[in-house]
Amino acid sequence: MFTATLKCLAEEKMLPAVALGFKRAGGQLKKGRVTDLKELCNNYDILANCSGLEARVLAGDNGVHPVRGQILRVHAPWLKHFIRESDGHTYIYPGRDSVTVGGTRQEGDWRLVPDVGESEAILERCCRLEPSLREAMCLGELVGLRPGRASPRLERELLETPEGRSVPVVHNYGHGGWGVSFSWGTALEALKLVRESLIERPPPSRL
């Protein structure tokens with residue numbers, strides 16, 4: 001079996017597309033390391049915190065925890081239909097270039113290296129659903145850490161800086177394994193909170 005660690009779907013395809021739309025709308029991307037949201041408060045009038053697992057540090061939220069997921073990508077172009085077992089983590093999802101078979105859901109597990117035993121167990125479960133997968137060629141393995149939480153955090157708070165400023169922060173993280181599904185709806189709700197904050201606390205004139 002060929003083993004390779006691949007980037008997750010969001011990093012590989014979705015996030016670049018969203019970033020491109022953001023830049024086309026006039027947004028700017030800056031790279032840097034932030035260890036505390038208050039570091040940004042003197043330079044910005046409002047913050048949106050979508051930091052996923054890093055909210056443990058940035059927002060001091062110990063309720064955020066990793067939910068480890070491992071999947072396989074295989075070459076099986078004859079499969080055209082989605083198949084999902086009732087256990088919630090055994091599934092076969094045909095895509096454009098490969099078929100995704102999965103998976104695992106391991107609370108509190110920080111491992112990023114594929115586990116051979118888990119890959120074999122995933123493939124065996126999926127082969128029971130679709131025996132033709134035994135003829136498929138494995139293209140690689142993927143491991144990712146989902147930002148788990150008892151429930152997603154989607155709310156607004158005010159950060160008080162040592163200089164006496166109050167800066168609104170809109171939090172939007174903790175979606176677990178449903179980030180791609182929930183992202184559009186929660187993003188719209190977060191945008192609503194941002195707009196409300198700007199109306200209630202308009203930024204001071206820069207002139």
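The values are calculated or read from the model by the stated rules, or taken from the named source; none is laboratory data. Note that the structure is predicted; figures quoted are calculated from it, not measured. Neighbour counts run over all protein chains shown; Cβ positions are idealised from the backbone, glycine included.
Annotations for the structure displayed:
- Out of L193, L159, L207, L188, sole residue that is more than 23 Å from R146 (Cα to Cα) and modelled with pLDDT of 95 or more: L193
- Condition met for G174 (modelled with pLDDT under 90 and either surrounded by fewer than 17 Cβ atoms within 10 Å (Cβ to Cβ) or not aromatic (F, W, Y) (or both)): no
- Residue in the range 102-120 that is farthest from the chain's Cα centre (by Cα), counting only those that are assigned to a loop (DSSP other than H, G, I, E, B) and among the β-branched types (V, I, T): V113
- Verdict on V113 being surrounded by 11 or more Cβ atoms within 10 Å (Cβ to Cβ), touching a strand residue (DSSP E or B) at 6+ places or on another chain (Cβ under 9 Å), aliphatic (A, V, I, L, M) and under 24 Å from V67 (Cβ atoms): no
A quick yes/no check of all residues on (1) outside any strand (DSSP E or B); (2) of a type in the set (A, V, I, L, M); (3) in contact with a strand residue (DSSP E or B) (Cβ under 6 Å, 6 or more places away or on another chain):
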| position | (1), (2), (3) |
| --- | --- |
| L53 | yes, yes, yes |
| R56 | yes, no, no |
| G69 | no, no, yes |
| V74 | no, yes, yes |
| D87 | yes, no, no |
| T100 | no, no, yes |
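- Residue satisfying all of: in the range 177-204; within 30 Å of I71 (Cβ to Cβ) and of a type in the set (V, I, T); surrounded by the fewest Cβ atoms within 10 Å (Cβ to Cβ) among these: V180
- First in the range 129-146 and touching a residue at least 12 places away in the same chain (Cβ under 8 Å), second anywhere and of a type in the set (S, T, N, Q) and surrounded by fewer than 17 Cβ atoms within 10 Å (Cβ to Cβ), Cβ under 6 Å, 6 or more apart: E141/T3
- Residue count for the range 126-137, restricted to those that are surrounded by 18 or more Cβ atoms within 10 Å (Cβ to Cβ) and in contact with a Ser or Thr (Cβ under 9 Å, 6 or more places away or on another chain): 1
- Options G27, G21; residue that is assigned to a helix (DSSP H, G or I) and either among the hydroxyl-bearing types (S, T, Y) or at pLDDT 90 or above (or both): G21
- Residue that is nearest to the chain's Cα centre (by Cα) [pool: residues in the range 76-85 that are of a type in the set (A, V, I, L, M, F, W, C) and part of a loop (DSSP other than H, G, I, E, B)]: F82
- Test for R153: is it out of contact with any helix residue (DSSP H, G or I) (no Cβ under 6 Å at 6 or more places or on another chain) and without any contact (Cβ under 8 Å) to a residue 24 or more places away in the chain: no
- Per the listing E124, E141, E155, the residue uniquely among the acidic types (D, E), assigned by TED's automatic domain parsing to the domain that holds R84, on the phi < 0 side of the Ramachandran plot and in a strand (DSSP E or B) is E141.
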